[in-house]
Each structure stands twice: as C-alpha cells, then as structure tokens.
1. Show the residue pairs meeting these rules: Cβ distance below 9 Å; 6+ apart or different chains; first residue within region 102-123 and assigned by TED's automatic domain parsing to the domain that holds L90 and part of a loop (DSSP other than H, G, I, E, B); second residue polar (S, T, N, Q) and surrounded by 10 or more Cβ atoms within 10 Å (Cβ to Cβ).
2. Report the residue count in region 38-54 for those that are small (G, A, S) and within 21 Å of M64 (Cα to Cα).
3. Of I284, I293, which residue is in a strand (DSSP E or B), under 30 Å from L254 (Cβ atoms) and either of a type in the set (A, V, I, L, M) or not assigned by TED's automatic domain parsing to the domain that holds V393 (or both)?
4. What tally of residues in region 316-336 results from selecting those that are within 16 Å of F230 (Cβ to Cβ), among the aliphatic types (A, V, I, L, M) and either surrounded by fewer than 24 Cβ atoms within 10 Å (Cβ to Cβ) or within 20 Å of the chain's Cα centre (by Cα) (or both)?
5. Test each condition in (1) under 30 Å from W396 (Cβ atoms); (2) hydroxyl-bearing (S, T, Y); (3) modelled with pLDDT of 90 or more for Y95 and report the one that comes out false.
6. Within region 7-61, which residues are under 27 Å from R243 (Cβ atoms), among the β-branched types (V, I, T) and in contact (Cβ under 8 Å) with a residue 40 or more places away in the chain?
7. List pairs: first residue in region 206-221 and in contact (Cβ under 8 Å) with a residue 60 or more places away in the chain, second residue buried (at least 19 other Cβ atoms within 10 Å of the Cβ) and hydroxyl-bearing (S, T, Y) anywhere in the structure, Cβ distance under 9 angstrom, at least six positions apart or on different chains.
8. For the condition over 30 Å from L30 (Cβ atoms), assigned by TED's automatic domain parsing to the domain that holds H236, in contact (Cβ under 8 Å) with a residue 60 or more places away in the chain and surrounded by fewer than 21 Cβ atoms within 10 Å (Cβ to Cβ), what is the one hit in I149, I173, I188?
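The values are calculated or read from the model by the stated rules, or taken from the named source; none is laboratory data. Because the structure is predicted, anything quoted here is derived from the model rather than measured. No Cβ is skipped: glycine too gets one built from the backbone with ideal geometry, and neighbour counts run over all protein chains shown.
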Amino acid sequence: MNKARLPILLSIVLLVVVLLNWYIISGFYLVLSNPVIIPSFCILLGVLIVALAYAIMRMRITGMTAFSKTVSHSFLILVITELVFASVLLLGDIYRAFKGLFTFVFSHDQFIYPTRSIYVIELAILLSALCCVFIVYGIIYGKYAYRVIKHTLYFDDLPAAFDGFTITQISDIHAGSFGNKKAVQKGIDLIKQQKSDLFVFTGDLVNNKAEEIAPWIKQFSSIKAPYGQFSILGNHDYGDYIRWPDPLSKSKNLQKLKEYHVQLGFKLLLDEHVEIHKDGDTLILAGVENWGIGFGERGDIKKAFQNVKEEQFKVLLSHDPTHWETIVKNYPIKVHLTLAGHTHGMQFGLEALGIKWSPVKYRYPHWAGIASFNDRYLNINRGFGFLGFSGRVGIWPEITVIELRKH
C-alpha cells in the first residue's frame, strides 16, 4: 500500500468507527441509567484502537503474536456485534421515520418523529449477543471442527484401472496458527480413516516461516497413502508477507520449507509431474508453484506438463483457483481435474438450508467445492487450518475425498 495514502485510509476507518459508536450509544441511552458506563466504554474503545494500530505496525516485523491476535480478535468481535446492533437500530429508525411521515400526511398534523422502542433496543442487544457467541464458538471450537466432504466425478476417458480411485485432499494447513495438538490430531485421524489411494496437499503449509511446521512434523508425517503423498507450495510458503534481514535469509527459509516437505513424506511438485501407475494404466499428477492473480504468478503449467501426451488423464495441483479460471480451464491440453485451496471460504459464512454464502464470493465467484467447464473440473478445498482470524464460523475446516469414476 502507498505509504502516503495510509494516513488517509486510517483516518477514514477511524471516522467510520467513531460514527458507528456514536449511533450505537444513542440507542443505549434508552436502556442505560448509569452515567459511568458509556464514558468507560468510550475510553476502552480508544485504548483498543490505539493497541490495534500498534499491533498492525508490528505485524510486518514480528508476524502474528499473542498480543496482536488478542487485540485484533477483540476488535473484530466488537465491530461485528456493533454492526449487527446498528443494523437492527437502523431498521427501527427507518420504521419510525415512515410511521411519523404516514401520520403527518394522513392526519395533517405536525410531524412528530416517534421515540425509539425499547423492544427494538432489546432485540438489537439479543442478536448482537448471539453473534458474539457464534464468533467465540468459532474461535474456541469451530477452527478444529473438521468435516469430510466427498465428491464423485465421472469421466469418459478415465483409464479403466482408475475407476473408483480415491484422492484425499487438504489445503492451507497454516501450521503457525495451530495451538492445540490434540484437536489437530483429530483432523489427521479423520484423514487417515478415509483410506484413500492418494493423498495431496495443495499449499500454504505455513503462515510465513518454515520453522512453524517443525512441531507438527511427527503428526502430519503419519499420513500415508498406497500411491503416495504429494504437495505443492502456496503463496504464504514463500515468506512474502514479513520483513527479512536480507534476501539470503528469505531464500534459506524457502529451502528449509522444502526440506520439511521431505520430512513430512510429501513429494513436493514444483512445476513438474509424476506418473501414477495402476494395473497397466497411467494417471498424470502435476503440481505447479503458486500462480494467483494478486498473489504472485510463479507457476509454469507448460513446464509441469512437458512431454505429457494429450490423451493421458491429468490431475493438477494448483493452490490458487484463479489459475484455473484464467489459464487451466482453457488450456490447449485438457486438464481433467484441478485441486486448489487458498480461499479458506474466508473462514466465515453460511452453508446450510440450501444457502451457500461467504463474503469471499465478492473476490472469488466460485470459492469452495466443485466447478466445471467443458468437462474440466475444479475443486476448491475450504482449508484445514486458519489464518488471520483464529477461528471459523459457518465455514468449517475441510478434508476432501474425491472418487474418480468412469462413465
């Protein structure tokens, strides 16, 4: 971000927060009689804003620390619950305005703006409290509430030996965010219980530094599959989001991360492919370095499929789904199935009662699950871990199992 524009942006954010809280406080005056509560809240809000500004400045150097996590999550909970409260209050105020206008027009009397109803304030408090509960649940439990999602995909040209072949996919481990080994082990046990033929990991092993995965190697290295374990890099694996003492330190970090993939038992695919053989038939499994609009376009699909025949069945590991949207789905050589991650489903949304919604849809129109175009398929895994917001609300961590079937 342009440093000259940063003060302007921060000033706008501060102004919005001040106006939002002014509006909310105007509603609370109806139910609060203690004169000390509102000034105390304003002081605490000011302290929180200053702490957040300090945490943001430090994160570029230190990454996400316990302090920055506590401050940012407190601010997030506050803002979301305030937005819920303000939305209910605003609907009530709009109703009051229409009611007053209706009375004025049809009674030909003086316009009187009706007072706020205490029931509207109580409803706003109730919904805000429920929202707060959901967020706290997501922080404590939701981020480890692993789900297995299964898909069966049919292909006319699938080699006969691979009919019924299963692939377990996870993505976005973000090991630096984990803090509960017992909870993570439950997710790993779920992966192992699927007993798939092949295991793949589609990038973002860490948040920033290779050392983040070191405490978790023993657990993740227990994942085995008969036809192997394969992986690729994601945008966070390159260490682009923190400041390094020098370019050599950053380069060494990436090399160390690659070594950790070996210790995990993962074959790291860097713009290359391998052949999976089964009963005389062959499946091509390729992997590219991260390629994503706005997140670095490193991957080379041409190199990954070098010397691969047009008629061979191909599965591609590519971290960012914009790669599929931009290049893969129209690539001259047919790529039958692409496995991606990256979006996390924003770790917040609703997937229930036929509704599938997350704010991330405004950045990625297709942000989770299966998409298809011209007999080419994409699966976006919602992520195994979490980043930034240390929780998940409505978008739970995912273990994908894909079964390949022949028409």
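1. From residues that are assigned by TED's automatic domain parsing to the domain that holds L90 and part of a loop (DSSP other than H, G, I, E, B), the pairs are D109/T103; F111/T103; I112/T103; P114/T103; R116/S26.
2. Qualifying residue count for the region: 2.
3. I284
4. Number of matching residues: 1.
5. All conditions pass for Y95, except number (1).
6. The one that is under 27 Å from R243 (Cβ atoms), among the β-branched types (V, I, T) and in contact (Cβ under 8 Å) with a residue 40 or more places away in the chain: I61.
7. Listed pairs, sorted by first residue: N207/S177.
8. I149
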